[in-house]
Amino acid sequence: MSDSPFYVTTPIYYVNAEPHLGTAYTTIATDAIARYRRMTGNDVRFLTGLDEHGQKIAQAAEEHGMSPQAWVDAIAPTFKDAWEMLGISYDDFIRTTEERHTRGVQAFWTKLYDDGYLYQGHYEGWYCVPDETYWTGEQLADGACPQCGRAVQFIREDNWFFKLSEFGEKLLAFYDERQAAGTPFVQPETRRNEVVSFVRQGLKDLSISRTNFTWGVPLPFAPEHVTYVWIDALLNYITAIGYGSTEAGELEMFERYWPADYHFVGKDIIRFHCVIWPAMLMAAGIEPPKAVFAHGFLLTKGEKMSKSRGNAQTPASLVERFGVDAYRYYFLRDVPFGMDGSISMEAMVQRYNGDLANDWGNLCSRLFNMTEKYLGGITPAVPDVTRQTAEDASMRSIAENLPATYESHMTRLDYASALESTWELIKHANRYIENAAPWTLAKEGETERLAAVLHNALEAVRIAALFTAPMMPYTSAEVWRRLGLGDIAEVTDISASAVWGGLPEGSTVSKGEPLFPRIYEEA
């Protein structure tokens with residue numbers, strides 16, 4: 001257990017459309033590690049938010065006959081509503097149109113300007129408005145944006161530039177230093193190789209301003225220029241925790257939580273986060289984040305899911321059919337975090353019926369029912385350890401090994417393996433009940449053994465609920481409630497809470513409705 005700070009962020013999402021499965025995937029993964037770290041006693045700061053500036057937003061607002069601010073104000077609630085629906089436990093939600101962000105961005109540019117890292121120059125090149133991204137002619141794919149495939153514009157502007165070219169060797173040394181220390185900055189390893197290769201090819205100075213529209217944060221020393229939207233967005237990670245403030249409390253917050261433990265991002269924005277962002281921070285004399293984890297894409301029929309491709313879905317329809325926790329479970333269990341993963345309705349139904357309805361839901365239902373039927377719904381005393389059987393000892397051993405195994409997986413952000421290790425206990429508990437046959441013990445009057453079997457199984461369920469909680473917070477809380485325990489959200493030392501024998505005697509167990517009613521219709 002530790003009360004040390006743990007700062008984790010999602011990217012801030014662009015408000016050109018409502019949340020879809022891809023943005024929800026990143027956010028759920030971030031939420032799972034935030035919830036787990038709260039359960040290990042960390043002082044967690046979980047940040048998410050919205051990227052609300054840029055040419056695309058200004059154009060969309062104009063097309064709808066609205067001001068840019070009115071436009072983003074109308075979109076922002078859809079994200080907050082989606083995250084509430086999915087049980088996202090963020091601590092802060094930043095919008096780049098907030099005063100605290102503007103203040104911090106301008107303080108950052110003043111620092112770099114004063115220290116000689118910015119200069120005024122002329123930019124000519126290709127620009128993709130939908131992706132708000134600059135491209136060289138060599139990077140274009142058949143004359144189009146290599147990222148979204150749409151048309152690009154050739155622009156000429158007088159811009160301010162950041163001396164990114166000065167940081168190539170510093171970045172390579174930084175990557176090597178973190179790697180040698182066993183705390184790699186770029187994760188997973190495949191992404192690190194991509195970043196290192198890119199930097200070794202040589203870095204060019206970066207345009208950090210635009211002049212052909214006004215919807216953005218003005219540069220304090222050149223107010224006719226607004227900050228390039230991607231650079232504006234990167235700075236949210238520090239402006240949200242007090243950078244640029246003069247208030248003592250906000251400065252203390254920055255000192256406490258920075259550097260961030262993790263930025264979670266999609267692999268398509270890794271260069272912004274692993275090259276440009278640490279270079280900017282180095283220039284400002286600020287330590288880079290501890291790690292950037294770039295996950296893969298969700299694929300449907302072999303294509304990346306994205307708004308620009310027109311194959312994105314909203315989470316609401318899946319939540320309506322499967323429920324929040326089943327939705328969260330599927331995406332964290334079936335898609336290895338860090339890799340591309342194919343998703344389908346058929347696979348989701350299979351996971352739901354197999355893992356959730358058959359394994360976890362059925363275990364809880366029949367165990368709580370038997371406790372009510374045979375013991376009057378009252379938790380029996382802890383069994384005499386000197387009379388435990390080999391089967392008792394085997395299940396206890398799995399439960400006792402689970403905290404360390406789970407921690408090792410979560411440290412690597414391997415959600416699928418963390419859940420698999422929890423399911424080992426759940427499946428073993430199901431087999432344990434089948435082999436011990438409480439119904440036979442009750443029929444034969446073996447009351448002492450019956451009480452021991454049910455207590456052991458209830459204890460396994462109690463411990464399993466602890467380790468499903470980061471991924472499935474609602475059903476885990478419900479299991480604890482049905483066990484007659486307190487609020488699982490109050491657990492701040494999961495290892496201590498998971499010690500075998502922690503189930504109190506005499507608590508009231510209630511059966512309740514099935515946690516995961518089986519789905520019978522075809523997907």
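The values are calculated or read from the model by the stated rules, or taken from the named source; none is laboratory data. This one's a predicted model, so the numbers in the text were calculated from it and none came from an experiment. Backbone-built Cβ (ideal geometry, glycine too); neighbour counts: all protein chains shown.
Residue-wise test of (1) more than 21 Å from F93 (Cα to Cα); (2) crowded, with 20+ Cβ neighbours inside 10 Å.
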| residue | (1), (2) |
| --- | --- |
| S209 | yes, yes |
| G249 | no, no |
| Y257 | no, yes |
| A260 | no, yes |
Exercise for the section: Name the one entry in Q147, Q179 that is in contact with a helix residue (DSSP H, G or I) (Cβ under 9 Å, 6 or more places away or on another chain), part of a helix (DSSP H, G or I) and polar (S, T, N, Q). Expected result: Q179
Completion exercise
Within region 187-228, restricting to residues that are acidic (D, E) and not in a loop (DSSP other than H, G, I, E, B), the one that is farthest from Y175 (Cα to Cα) is E224
Problem - Pair list, Cβ under 7 Å, 6 or more apart: region 147-159 residue farther than 15 Å from T136 by Cβ, other residue hydrophobic (A, V, I, L, M, F, W, C) and surrounded by 13 or more Cβ atoms within 10 Å (Cβ to Cβ) - result: C148/C128; R150/C128; R150/A144; A151/A144
Problem - Meets criteria (out of contact with any Gly (no Cβ under 8 Å at 6 or more places or on another chain), assigned to a helix (DSSP H, G or I) and within 17 Å of R35 (Cβ to Cβ)) for A429 - result: no
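Here is a yes/no grid of residues against (1) of a type in the set (D, E, K, R); (2) within 30 Å of A17 (Cβ to Cβ):
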site	(1), (2)
G104	no, yes
G125	no, yes
C128	no, yes
V152	no, yes
I155	no, yes
D158	yes, no
D176	yes, no
A180	no, no
Completion exercise
Counting only residues in region 5-59 that are in contact with a strand residue (DSSP E or B) (Cβ under 9 Å, 6 or more places away or on another chain), within 24 Å of M471 (Cβ to Cβ) and aliphatic (A, V, I, L, M), the one surrounded by the most Cβ atoms within 10 Å (Cβ to Cβ) is identified as V8
Completion exercise
Of the listed residues (L234, L251), the one being modelled with pLDDT of 95 or more, out of contact with any Asp or Glu (no Cβ under 6 Å at 6 or more places or on another chain) and of a type in the set (A, V, I, L, M, F, W, C) is L234
Problem - Residue list for region 267-278, restricted to those being under 24 Å from P5 (Cα atoms) and in contact with a Phe, Trp or Tyr (Cβ under 9 Å, 6 or more places away or on another chain) - result: C274, W277, P278
Fill in the blank from the handout: The one condition W480 fails out of (1) modelled with pLDDT of 95 or more; (2) part of a loop (DSSP other than H, G, I, E, B); (3) aromatic (F, W, Y) is (2)
Exercise for the section: List the number of the failed condition for F79; all other conditions in (1) closer than 19 Å to L332 by Cβ; (2) among the hydrophobic types (A, V, I, L, M, F, W, C); (3) in contact with a strand residue (DSSP E or B) (Cβ under 8 Å, 6 or more places away or on another chain) hold. Expected result: (1)
Problem - Test: R321 is surrounded by fewer than 18 Cβ atoms within 10 Å (Cβ to Cβ), at pLDDT below 95 and touching a Cys at 6+ places or on another chain (Cβ under 9 Å) - result: no
Practice task
With the condition kept exactly as written, say whether any residue in region 491-510 is crowded, with 16+ Cβ neighbours inside 10 Å, outside any loop (DSSP other than H, G, I, E, B) and touching a Gly at 6+ places or on another chain (Cβ under 6 Å).
Solution key: no
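Listed here are the residues, each with its yes/no results for (1) out of contact with any strand residue (DSSP E or B) (no Cβ under 7 Å at 6 or more places or on another chain); (2) within 30 Å of F221 (Cα to Cα); (3) surrounded by 14 or more Cβ atoms within 10 Å (Cβ to Cβ).
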residue	(1), (2), (3)
C145	no, no, yes
Q153	no, yes, no
W160	no, yes, yes
L172	yes, no, yes
Q179	yes, no, yes
V186	no, no, yes
V195	no, no, yes
Exercise for the section: May I ask you to list the residues in region 364-390 that are modelled with pLDDT of 95 or more and of a type in the set (K, R)? Expected result: R366, K373
Exercise for the section: Considering only region 215-226, state which residues are out of contact with any strand residue (DSSP E or B) (no Cβ under 6 Å at 6 or more places or on another chain), closer than 17 Å to Q55 by Cα and either surrounded by fewer than 23 Cβ atoms within 10 Å (Cβ to Cβ) or modelled with pLDDT of 95 or more (or both). Expected result: P223, E224
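One line per residue, one yes/no per condition, for (1) among the acidic types (D, E); (2) in a helix (DSSP H, G or I); (3) touching a residue at least 24 places away in the same chain (Cβ under 8 Å):
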position	(1), (2), (3)
I57	no, yes, yes
A70	no, yes, no
K80	no, yes, no
I88	no, no, yes
Exercise for the section: Scan region 173-191 and give yes if some residue there is modelled with pLDDT under 95, basic (K, R), under 26 Å from the mean Cα position of the chain (by Cα) and closer than 18 Å to V292 by Cβ, otherwise no. Expected result: yes
Completion exercise
Condition set polar (S, T, N, Q), over 38 Å from the mean Cα position of the chain (by Cα) and not in a helix (DSSP H, G or I), scope region 364-398, selection nearest to V509 (Cα to Cα): answer is Q388
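Conditions (1) assigned to a loop (DSSP other than H, G, I, E, B); (2) touching a Lys or Arg at 6+ places or on another chain (Cβ under 6 Å); (3) at pLDDT 90 or above, marked per residue:
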{"position": "K290", "(1), (2), (3)": "yes, no, yes"}
{"position": "A312", "(1), (2), (3)": "yes, no, no"}
{"position": "L332", "(1), (2), (3)": "no, no, yes"}
{"position": "F337", "(1), (2), (3)": "yes, no, yes"}
{"position": "M348", "(1), (2), (3)": "no, no, yes"}
{"position": "N362", "(1), (2), (3)": "no, no, yes"}
Practice task
Name the residue, out of G125, G104, that is surrounded by 14 or more Cβ atoms within 10 Å (Cβ to Cβ), part of a strand (DSSP E or B) and in contact (Cβ under 8 Å) with a residue 12 or more places away in the chain.
Solution key: G125
Fill in the blank from the handout: The lone condition H409 fails out of (1) out of contact with any helix residue (DSSP H, G or I) (no Cβ under 6 Å at 6 or more places or on another chain); (2) without any contact (Cβ under 8 Å) to a residue 24 or more places away in the chain is (1)
